[in-house]
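The block underneath contains the structure these notes are about, expressed in structure tokens.
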Amino acid sequence: MLSIYNTLTKQKEEFKPINPPNVNMYVCGPTVYDYFHIGNARSFIMADIIRRYLEYKNYKVKYVMNLTDVDDKIIKKSIQENKEAKSVAEDFVKAFFEDINKLKIKPADIYPKATEHMNDITKLIEELEDKGFAYNVDGNVFYDVSKFKDYGKLSGKKIDDLESGARIEINEEKKNPLDFSLWKKAKPGEPFWSSRWGNGRPGWHIECSAMSCKHLGETFDIHAGGNDLIFPHHENEIAQSEAANGKKFVNYWIHFGFLNINDEKMSKSLGNFFTARDIVKKYSPEAVRLSFAQTNYAGPLNFSEELLSSAEKGLEKLRNLADKTNEELKNKSKDGIFPEFDFARYEKNFEAAMDDDFNTPQASAVIFDFAREVNKAAAENASLHFEFYQSVKSFLGKTAEEVLGILDLSDQSQLSGNSIENELIELLIKLRAEAKIEKNFKLSDKIRDSLKEIGIILQDSKDRTTFKKNKP
RNA sequence: GGCGCUGUAGCCAAGCGGUCCAAGGCGAAGGUCUGCAAAACCUUUAUUCGUCGGUUCGAAUCCGACCGGCGCCUCCA
């Protein structure tokens, strides 16, 4: 039984999809005005792991992630760079796809863009206005927070408390300082769309209400995003959608904790951020994923180089096992024994961990325990039956590769597609073996060291020497 | 001021009433194997879970107070 911590109820709840085995899931995507940073990456990766686990549980997930391609920040950037807002958005949409691909994030089923849903957006605003939840002031349309009685139910805020807070901007046009923009009147030079209130563009929150409804229905299962979106963004989405449809908007709200640098929030506005693409130049995407998976998705995560390099080191253990497994499967040894090994127990433990609100730290601990026990069996026995390794590969494939995305089980032992290179290496290995027999260790070590310098690692085992490409 | 999160070994981090005299990763120390490496395995590394009280047969886990850290309430994942 899968349980999920629901921000709306502030407790763990059993997950019951509306229409099993289908699960409809919406994740707030990027505003495409810059490369996304490693903090954004945490949300995207953890959402990806949640999606992958739901698929592991045989749910049919419809995964939608919006791309906000009209926005103040995009307009600002376009002015700075002296480009069309549209081309800024297009450039960073392209970069977004490159980056998520690099991070091994499975693509969503649909990536709706605000600019492609203007009719849906204006229709929703019209509906809100017609029902009395919105008001038009000279081409600017605002949501009237006082009309929605449940306002604040997600973030646990009360309208009165919010009003007494000192940090709300004063806007003469608004009836209430908490009211928010649904439609912004176009200023000269800004991109605009026509509407019954005149030319303008949508406010920040409305696109998510319009697009999630269009692609996932009026009520859907899961809505996820960063912690900071709880208020006001998600609160406002609820207000818009529930006022318009008269139905519950979302059953399960999932929020991701922040990634900090030196215990301080990393954000674009503070300027202390690393882009995901820069991080992936230095560390493998699997290490990035593991370091995120090793801490609970909801809490803060203090990001550092040590975190990544310790994940990279830990991953080595898993990669070595994967390489060994592939090697053994090639040999198809039937001579070896099939040790006593409780594969089912590991699967059960993995699922129990993930079922408990996606406890990825626990789940990865299960995988490391598994790896140790397999290695132990291999160390204690001269050889193991290849069917044992088939089960090993199957377990790692389901968990580490498919769900967490921290391991690539495709055969990495050969240098890709260059057989002459491989034959040359085999030749050197043979020469080195001969040198070793003659006790010419100076030569044999020289071969090993020289190959290491060009990124080829030799490892001696009892009866043969294997090589592998050194991964950055 | 309101709302929420958080304090566990050198570092990161699970556990949230007994099966925990506390997982897993990194690091460190010793050992096995090896010509030497590497890999792998074994052992050691928290008498203790921010502090002080309380509840309980039993608490890292529940309650209270106190001391720290962080986030949201303004664009932000």
**Message:** Among the listed residues A:K12, A:K83, A:K76, identify the single one that is out of contact with any Cys (no Cβ under 6 Å at 6 or more places or on another chain), part of a strand (DSSP E or B) and at pLDDT below 95.
**Reply:** A:K12
**Fill in**
Picked from region A:228-248 (must be in contact (Cβ under 8 Å) with a residue 40 or more places away in the chain and under 20 Å from A:I50 (Cα atoms)), the residue least open to solvent (accessible area, probe 1.4 Å) is A:H234
**Every pair of residues 6+ apart whose Cβ atoms lie under 6 Å, when the first sits in region A:353-374 and is on the phi > 0 side of the Ramachandran plot while the second is of a type in the set (G, A, S) and more than 7 Å from RNA strand B (Cβ to nearest atom)** = A:D357/A:S3
**Message:** Being within 7 Å of RNA strand B (Cβ to nearest atom), within 18 Å of the chain's Cα centre (by Cα), farther than 16 Å from A:Y35 by Cα and surrounded by 16 or more Cβ atoms within 10 Å (Cβ to Cβ) is the requirement here; does A:A311 meet it?
**Reply:** yes
**Top-ranked residue in region A:264-320 [being of a type outside the set (A, V, I, L, M), in a loop (DSSP other than H, G, I, E, B) and touching a Phe, Trp or Tyr at 6+ places or on another chain (Cβ under 6 Å); ranked as modelled with the lowest pLDDT]** = A:P300
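Can you go through A:S267, A:S284 and tell me which one is surrounded by 19 or more Cβ atoms within 10 Å (Cβ to Cβ) and touching a residue at least 12 places away in the same chain (Cβ under 8 Å)?
Working: A:S267 fails: surrounded by 19 or more Cβ atoms within 10 Å (Cβ to Cβ).
Checking each option against the conditions leaves just A:S284.
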**Request:** Search region A:15-41 for residues being among the β-branched types (V, I, T) and open to solvent by 20 Å² or more (accessible area, probe 1.4 Å), and hand back the single one that is farthest from RNA strand B (Cβ to nearest atom).
**Result:** A:I18
**Selection count where residues are open to solvent by 10 Å² or more (accessible area, probe 1.4 Å) and touching a residue at least 24 places away in the same chain (Cβ under 8 Å), scope region A:140-158** = 10
**Fill in**
Reported set for region A:365-390 where residues are more than 28 Å from the chain's Cα centre (by Cα) and more than 8 Å from RNA strand B (Cβ to nearest atom) is A:A377, A:N381, A:A382, A:S383, A:L384, A:H385, A:F386, A:E387, A:F388, A:Y389, A:Q390
**Fill in**
If we ask which residues in region A:130-139 are assigned to a loop (DSSP other than H, G, I, E, B) and buried (at least 20 other Cβ atoms within 10 Å of the Cβ), their number turns out to be 1
**Item:** Cβ pairs under 8 Å, 6+ apart, first in region A:289-301 and under 13 Å from A:I50 (Cα atoms), second aliphatic (A, V, I, L, M) and not in a helix (DSSP H, G or I)
**Value:** A:R289/A:L103; A:R289/A:I406; A:F292/A:L301; A:A293/A:I406; A:Y297/A:I254
**Request:** With the condition kept exactly as written, say whether any residue in region A:77-86 is in contact (Cβ under 8 Å) with a residue 60 or more places away in the chain, at positive phi and open to solvent by less than 90 Å² (accessible area, probe 1.4 Å).
**Result:** no
**Prompt:** Of the residues that sit in region A:159-176 and are surrounded by 13 or more Cβ atoms within 10 Å (Cβ to Cβ) and within 25 Å of A:G225 (Cα to Cα), which one is modelled with the highest pLDDT?
**Reply:** A:I159
**Item:** Where a residue in region A:440-465 is open to solvent by 80 Å² or more (accessible area, probe 1.4 Å) and its partner, wherever it lies, is in a loop (DSSP other than H, G, I, E, B), with Cβ under 6 Å and at least six apart
**Value:** none
**Complete:** Restricting region A:42-69 to residues that are in a loop (DSSP other than H, G, I, E, B) and more than 12 Å from RNA strand B (Cβ to nearest atom), the one farthest from A:N227 (Cα to Cα) turns out to be A:N58
**Yes/no for A:R319 being of a type outside the set (A, V, I, L, M, F, W, C), under 20 Å from A:I406 (Cα atoms) and assigned by TED's automatic domain parsing to the domain that holds A:Y33** = no
**Request:** Evaluate region A:326-347: report whether one residue or more is of a type in the set (A, V, I, L, M, F, W, C), in contact with a helix residue (DSSP H, G or I) (Cβ under 8 Å, 6 or more places away or on another chain) and within 10 Å of RNA strand B (Cβ to nearest atom).
**Result:** no
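The values are calculated or read from the model by the stated rules, or taken from the named source; none is laboratory data. Keep in mind the model is a prediction, meaning the values are calculated, not measured. Because the Cβ atoms are built from the backbone with ideal geometry, glycine has one as well, and the counts that use them run over all protein chains shown. For accessibility, only protein heavy atoms count, side chains too; no ligands or nucleic acids. Shrake-Rupley method; radii C 1.70, N 1.55, O 1.52, S 1.80 Å.
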